[in-house]
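Report on the structure given below.
A short reminder: the numbers here are calculations on the coordinates, not readings from a lab. Remember, predicted model here, so these are calculated numbers, not experimental data.
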Amino acid sequence: MQAGQDRAVKVLNSLIETTLDSANGYKEAAENIGDAELRTMFTERAERRREIAGQLQAEVRSFGGEPQDDQSTMGKMHNKFVDLKTSMGADSDKSVIDEVERGEDVIKGKYEHALKDDDLPPQSRQLVGRAFETIRADHDEISAMKHRMH
């Protein structure tokens, strides 16, 4: 694998890990939210994030790399925190939205950072850019929802 491809694999694997964190976070949120409409939206977003991760994994394979296939330890800990926080009550729907928005801030920042990486090959940058458009739209919608609740 060439140095540029090695760099691309590293960047893409980092995005895969964060995207899997997000998919699992949305899955946890769907399981912990009382509102049926939000539960459906979160379930759909979890699936969409898994699809994005799958596309990134295919890109890593195209470089001869081994794609990340699990979420991060921090992501797993955050999901458990959401479960604990929700089980304690305290306006659980609002708490779930707050945690989803915090996760959206993280993933949006990671994708923005990756898009600024000048060493990312053009085809990878295009893939990351398309994924970022979805992530940014989801982030903005959750952020607006959170602000309406507070």
inquiry  = Among [x] 24.9; [y] 24.2; [z] 15.7, only one was calculated for this model; which label is it, if the read-out is Kirkwood radius over Cα pairs in Å?
reply    = [z]
ask   = Given Cα pairs under 8 Å that are at least 6 residues apart, what percent is the relative contact order of the chain?
value = 31
key: For the stretch 17-28, 3J(HN,Hα) per residue [Karplus equation, 6.51 cos²θ - 1.76 cosθ + 1.60, θ = phi - 60°, Hz, x = Gly/Pro]   = 4, 5, 5, 5, 4, 5, 4, 5, x, 5, 4, 4
key: For the stretch 42-57, 3J(HN,Hα) per residue [Karplus equation, 6.51 cos²θ - 1.76 cosθ + 1.60, θ = phi - 60°, Hz, x = Gly/Pro]   = 5, 5, 5, 5, 4, 5, 4, 5, 5, 5, 4, 4, x, 5, 5, 4
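Per-residue ellipticity at 222 nm for the chain, helices alone: DSSP H runs ≥ 4 residues times -39500 (n - 2.57), over residue total, nearest 500 deg cm²/dmol?
Value at 222 nm, helices only: -29500 deg cm²/dmol.
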